[in-house]
Structure formats: structure tokens, C-alpha cells
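Following: one structure in C-alpha cells, then a few remarks.
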Ligand code: PEP
Ligand code: MN
């Protein structure tokens, strides 16, 4: 293990990962319509949120589920984010979409299911754009370190890692958050590591306590799913925090960090 690690900083616009406070990223699982993303982004812009998240290419288990709005969704998201000067991250699944999406977003997400997609990792390594690399739910620490190395080997060292839970024997939670992975990956790679309590737990009631655990262990940020009407969300409603409750949650998490 690399114990005398040098901590790297990754900048996304004015947002600093690996700096002096955890970065808060929030937004819906998916862009569902222009009205939906406008409502959520307008509201988040009044909270202590550093950056937005929303998917337009959704990696769904079933091909019959909502797949995302694609480039139309990207346009809605881009317009809403620019209106409030907030940077945003969105997922890309195909090499063919990387360059085009990179023209509009501030950070590219490579999701859990694509952490082993080596052509995608190499192509992301050729971009001059920060990459959010989520851990595959089946990945060992070494596999995750090597996935980041694929991106770095092509010249892109602007990588933020995201622990989002791994599969275990218990389905009380959607996945099992590997909290030790946060300091381990920080030491192994020097890269900033954030936590996704939404996909890690799959449960709205667990987002706040698990976020506190992430902050306590030294995570460089949180990425949290939020929706104005989670009961009618097209994806991941059960794990989305209600917009009306989110400002207070962030304030409590900020106070917890400052203590
Ligand atoms: C997401 O962030 O919307 C997502 C699909 O997450 P993951 O790749 O971790 O499952
Ligand atoms: Mn989701």
C-alpha cells in the first residue's frame, strides 16, 4: 500500500475535489422532461449544492424500463445548469457519445456497469475533461485502481472516484457500502474519492446517516439523488431525497462536517 501518498486535486470549474471541504453533488437519477429538470435545478440552485447530476443515457437492468432522453435530455440539462452557472456531471455509456457529450457537460460519469469497459476508459483518457469513475458493484480494489489506470494511461489524470456500494449476500439495502474503500482508494491512488449513498443503500431513510459516515471517514464529496416528486420518478424514486427536505439535510451535513 502507498502510505506516503500525495493527494491530487481535481477541479471542475470552480469546484475543487480534494480541497478543504466535501463537494456536494445533487440531482435526479434521470432527466425526465424539461419541466422536471427545471424545477429541480432551480430549487437546488438556492441550496448549498456545488454541482448537479442527472442521467440522460441510463444503464437500466431491463431494456423495457425508461432509458433516458439522450441528447434532448442533455440539452434540457445544459440549459438549466447554465442558467444558474452550476457545473454538471452526466453518464456516458458509449465511446461514440463521449466527445459530443463532453462539449456540453463539465464532468463525464463512467458508471458502475461500465467500469470494466476498457475501450470507454481509454477513450475517456483521451479527453481533456474530468471523469467520475464509479466502482463496479463487483469490483475488487485492484480492479478499480486498474480501471482508473486505464484512463490515466491515455493522459487524463483528472479523475474522481466514487464508492457506490458492492453486491453482498443481504438485500436489506440495494448494495453494501464499502466505507473502508474510501481511505484505501485515497491512499492507493491519491485521487479524490466521493460516496454515493443513494445507490449504495437504495433507501431514502438511509441517505443522511450514511452521508455522515462518508464525511466522517474523510470522503471528498457526496453524490445524492434528489427529486421533487419521488413517488412518480421514472427511475430510483425510492432512494431519492425529497427536494422539499434536501436543503435542511445539506445544512445538517455541513454542520456535522464543521464540528
Ligand atoms: C447513476 O449514478 O445514476 C447510476 C446508474 O449509478 P451506478 O452506475 O453506480 O449504478
Ligand atoms: Mn440512479
Return yes when residue 181 is more than 26 Å from residue 41 (Cβ to Cβ), buried (at least 20 other Cβ atoms within 10 Å of the Cβ) and within 16 Å of ligand 1 (Cβ to nearest atom) and no when it is not.
yes
When the residues of region 39-60 are narrowed to those that are closer than 21 Å to residue 108 by Cα and surrounded by fewer than 24 Cβ atoms within 10 Å (Cβ to Cβ), which ends up farthest from ligand 2 (Cβ to nearest atom)?
45
Give me the residue from region 12-24 that is modelled with pLDDT of 95 or more and farther than 13 Å from residue 160 by Cβ and, out of that set, nearest to ligand 1 (Cβ to nearest atom).
24
Do we have any residue at all in region 161-178 that's surrounded by fewer than 15 Cβ atoms within 10 Å (Cβ to Cβ) and closer than 20 Å to residue 111 by Cα?
yes
Can residue 132 be described as within 24 Å of residue 32 (Cβ to Cβ), more than 16 Å from ligand 1 (Cβ to nearest atom), within 18 Å of the chain's Cα centre (by Cα) and surrounded by 16 or more Cβ atoms within 10 Å (Cβ to Cβ)?
no
Answer yes if at least one residue in region 25-40 is in a loop (DSSP other than H, G, I, E, B), more than 17 Å from the chain's Cα centre (by Cα) and within 16 Å of ligand 1 (Cβ to nearest atom), and no otherwise.
yes
Residues in region 195-241 that are more than 24 Å from residue 15 (Cβ to Cβ) and either within 12 Å of ligand 2 (Cβ to nearest atom) or within 16 Å of the chain's Cα centre (by Cα) (or both) total 8
Test: residue 6 is more than 17 Å from the chain's Cα centre (by Cα), surrounded by fewer than 16 Cβ atoms within 10 Å (Cβ to Cβ) and in a loop (DSSP other than H, G, I, E, B):
yes
Tell me whether region 11-23 contains one or more residues that are surrounded by 20 or more Cβ atoms within 10 Å (Cβ to Cβ) and within 16 Å of ligand 2 (Cβ to nearest atom).
no
Of the numbered conditions (1) surrounded by 23 or more Cβ atoms within 10 Å (Cβ to Cβ); (2) without any contact (Cβ under 8 Å) to a residue 12 or more places away in the chain, residue 80 fails exactly one; give the number of that condition.
(2)
State all residues of region 159-184 that are more than 18 Å from residue 114 (Cα to Cα) and touching a helix residue (DSSP H, G or I) at 6+ places or on another chain (Cβ under 7 Å); if no residue qualifies, say none.
173, 174, 177, 179, 181, 182, 183, 184
Those residues that are farther than 14 Å from residue 250 by Cβ and within 15 Å of ligand 1 (Cβ to nearest atom), I need them from region 205-218; list them, please.
210
Condition first: buried (at least 17 other Cβ atoms within 10 Å of the Cβ) and away from ligand 1 (no atom under 16 Å from the Cβ). Can you find one or more residues in region 192-201 that meet it?
yes
When region 206-259 is examined, which residues are found to be out of contact with any helix residue (DSSP H, G or I) (no Cβ under 7 Å at 6 or more places or on another chain), exposed (fewer than 13 other Cβ atoms within 10 Å of the Cβ) and under 21 Å from residue 163 (Cβ atoms)?
209, 216
Exactly one of 122, 113 is farther than 30 Å from residue 247 by Cα, within 14 Å of the chain's Cα centre (by Cα) and surrounded by fewer than 23 Cβ atoms within 10 Å (Cβ to Cβ), and that residue is 113
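The values are calculated or read from the model by the stated rules, or taken from the named source; none is laboratory data. None of the values given here were measured: they were computed from a predicted structure. FYI the Cβ positions are ideal-geometry reconstructions off the backbone, even for glycines, and counts take in every protein chain you see.
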